[in-house]
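A short write-up of the structure that comes next.
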């Protein structure tokens, strides 16, 4: 399953999330996807929090989700995740 299957383009060309948190929960608690750089990332829901894991297994909790920016939408995480 790819992340873009759960997004749609708005009238201005921006991607808008459609229930990604539900997809993570429905897929055994993990959702695997690739960053724009091509690095593998995984998302996991634990309780009321969502965590992002990098290829090395480092985790970071999403602290603020869906922050609108001029070039898209970002999520604020509490740690730095580094590519391999």
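Below are the figures for this structure:
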quantity: Cβ crowding within 10 Å averaged over residues, with 51-58, 65-72, 34-41, 76-83 ranked highest first; calculated: 51-58, 76-83, 34-41, 65-72
quantity: Length released on extending from residue 49 to residue 74, taking residue separation times 0.36 nm less the Cα-Cα span; calculated: 7.4 nm
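Every read-out reported here was derived from the displayed coordinates using simple, explicitly stated rules and does not represent laboratory data. On a predicted model such as this, the values are computed, not experimentally measured, just so you know. Ideal geometry is used to build each Cβ from the backbone, glycine not excepted, and the neighbour counts take in all protein chains shown.
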